[in-house]
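Worksheet: the structure to be examined is printed underneath.
The values are calculated or read from the model by the stated rules, or taken from the named source; none is laboratory data. Everything quoted here is computed from the prediction, not taken from an experiment. Because the Cβ atoms are built from the backbone with ideal geometry, glycine has one as well, and the counts that use them run over all protein chains shown.
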Amino acid sequence: MELTSTSIADGADIALRYAEGNSGGENVTPQLSWSGAPDGTMSFAITIFDPDAPTGSGWWHWVAADIPASVTEIGEGAGAPAGAREAENDFGYVGYGGACPPPGPAHHYIHTVHALSVESLEAPADASSAVLRMHIMANSLDQASITGTFAQPDQ
């Protein structure tokens with residue numbers, strides 16, 4: 001699989017507009033498109049993870065699943081497509097939460113699309129992010145990632 005974006009270049013800095021409001025950003029979802037899903041793909045999921053967050057377990061910025069197999073792009077600012085389910089992110093709200101590291105060195109933000117072997121995850125409707133991610137990993141056929149970096153703007 002391959003993941004591309006007109007919003008984020010792999011290994012490059014993430015623009016402020018994609019950052020969370022607490023970082024001075026607009027919390028705009030980045031454009032993501034993917035291709036090369038393996039045979040048997042029935043749906044997709046998207047996760048965004050910051051492994052550098054000082055929590056001991058990183059920070060989950062977005063977990064969206066049950067994205068229909070016919071969808072191969074998320075437009076900039078569009079959020080999850082109709083029919084998708086989203087879990088509460090580590091900010092405490094459902095949906096996309098942009099980059100928002102503490103002051104200091106830049107953090108890495110891993111944007112991943114997962115090709116899934118099921119049309120819909122068999123997780124409870126109110127499943128936590130951790131439970132939804134477990135179901136994503138258990139049903140993953142393939143995945144592709146782009147990693148961007150972000151540091152707090154100079155104050």
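Brief remarks follow.
- Within the stretch 71-82, residues that are more than 19 Å from L16 (Cβ to Cβ) and modelled with pLDDT under 95 have Cβ atoms under 6 Å from residues that are part of a loop (DSSP other than H, G, I, E, B) and of a type in the set (A, V, I, L, M, F, W, C) in these pairs: P81/V71, counting only partners at least 6 apart in sequence or on another chain.
- Within the stretch 1-16, the set of residues being among the acidic types (D, E) and either surrounded by 13 or more Cβ atoms within 10 Å (Cβ to Cβ) or part of a strand (DSSP E or B) (or both) comprises E2, D13.
- Condition check for D90: within 27 Å of V118 (Cα to Cα) and charged (D, E, K, R): yes
- Among the candidates S129, S120, the residue that is within 22 Å of M1 (Cα to Cα) and in contact with a strand residue (DSSP E or B) (Cβ under 6 Å, 6 or more places away or on another chain) is uniquely S120.
- The set of residues from the stretch 1-15 being touching a Gly at 6+ places or on another chain (Cβ under 6 Å) and more than 11 Å from T149 (Cα to Cα) comprises M1, E2.
- Residue match in the stretch 108-118 (condition: within 15 Å of G148 (Cα to Cα) and in contact with a Cys (Cβ under 9 Å, 6 or more places away or on another chain)): no
- Selected residue (criterion: surrounded by the most Cβ atoms within 10 Å (Cβ to Cβ)) from residues of the stretch 36-93 that are among the polar types (S, T, N, Q) and within 13 Å of the chain's Cα centre (by Cα): T47
- For the stretch 17-35, the set of residues classified as crowded, with 19+ Cβ neighbours inside 10 Å and assigned to a strand (DSSP E or B) consists of A19, L32, W34, listed by residue number.
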